[in-house]
Amino acid sequence: FWNQNRGAIREAKAELTQREIEYEAFKREVGREVVSAIAEAKLAQRQVTVWKTGVEQANDLVRLASQQYREGDINFITYLEHLATVRETKVAYVEALATYRTQLARLNQAVATTLMPERKEDVR
C-alpha cells in the first residue's frame, strides 16, 4: 500500500513540475508578445505623428500653390502636381493611422484587455 502511494506521489510531483515548467514558458511567451506589441504600437504612433505633420504641411502647400496659380506664378500642371503630393501624403497618413489601430488591437489581444477607448460615434 505505501509503495503504491509513494509511486503516485512521485508521479504527481513530476506532473506538477512539468505543469510549472509549461506555465513559466507560457508567461515568458506572453511577456514577449506584450513587449513586441508595445514596441510596434509605439512605432506606429510615431509614424502617425510624422504623417499628421506632413498633412498639415501639405495643406499649407495647397494654400500656397492655389495662391500662386491664381496669381499666375505657377502653371496648371505644377498646381496639379502639388495636389497629387497632398493626396499621397493624406493617403500615407490614413495608412499609418490604420496600422496604429491594428497594432493597438494586437496589444489589446496580448494583454487581454481593451486599451483603445471607444469613440462616441462608434457606439450606437
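With +1 on the Cβ of every Lys and Arg and -1 on the Cβ of every Asp and Glu, and nothing else charged, how large is the dipole of the range 34-115 about its Cα centre, in debye rounded to the nearest 20?
380 debye
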Worksheet, complete the sentence: The ³J(HN,Hα) series, computed from each phi in the range 10-17 with the Karplus coefficients 6.51, -1.76 and 1.60 at θ = phi - 60°, rounded to the nearest Hz and given as x for glycine or proline, is 4, 5, 5, 5, 5, 5, 4, 4
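Just to verify a number: FRET efficiency for Lys52 and Ala25, C-beta to C-beta distance, R0 = 41 Å, to 0.05? Provide the component values of the computation, followed by the final result.
Numbers: r = 41 Å, r/R0 = 0.99.
FRET efficiency, Lys52 to Ala25: 0.50.
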Response to the item:
Within the chain, pairs of Lys residues whose Cα atoms are less than 25 angstrom apart, provided they are eight or more positions apart or on distinct chains, add up to 8
Worksheet, complete the sentence: Calculating semi-axes √(5λ) of the Cα gyration tensor in Å from this structure picks out, from (i) 61, 14, 8; (ii) 29, 26, 21; (iii) 33, 20, 12, entry (i)
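Quick one: if the Förster radius is 25 Å, what FRET efficiency do Ala39 and Glu81 give, using the C-beta to C-beta distance and rounding to 0.05?
Values: r = 37 Å, r/R0 = 1.48.
Given R0 = 25 Å and the Cβ-Cβ separation, E is 0.10.
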Item to complete: Compute the long axis of helix 76-111 from its Cα atoms, compare it with the longest principal axis of the Cα atoms of the chain, and write down the angle in degrees, 0 to 90, nearest 10.
Response: 10 degrees
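The numbers here are math on the coordinates, done by the rules we state, and not lab data. Keep in mind the model is a prediction, meaning the values are calculated, not measured. As a convention, Cβ positions derive from the backbone with ideal geometry for all residues, glycine included, and neighbour counts pool all protein chains shown.
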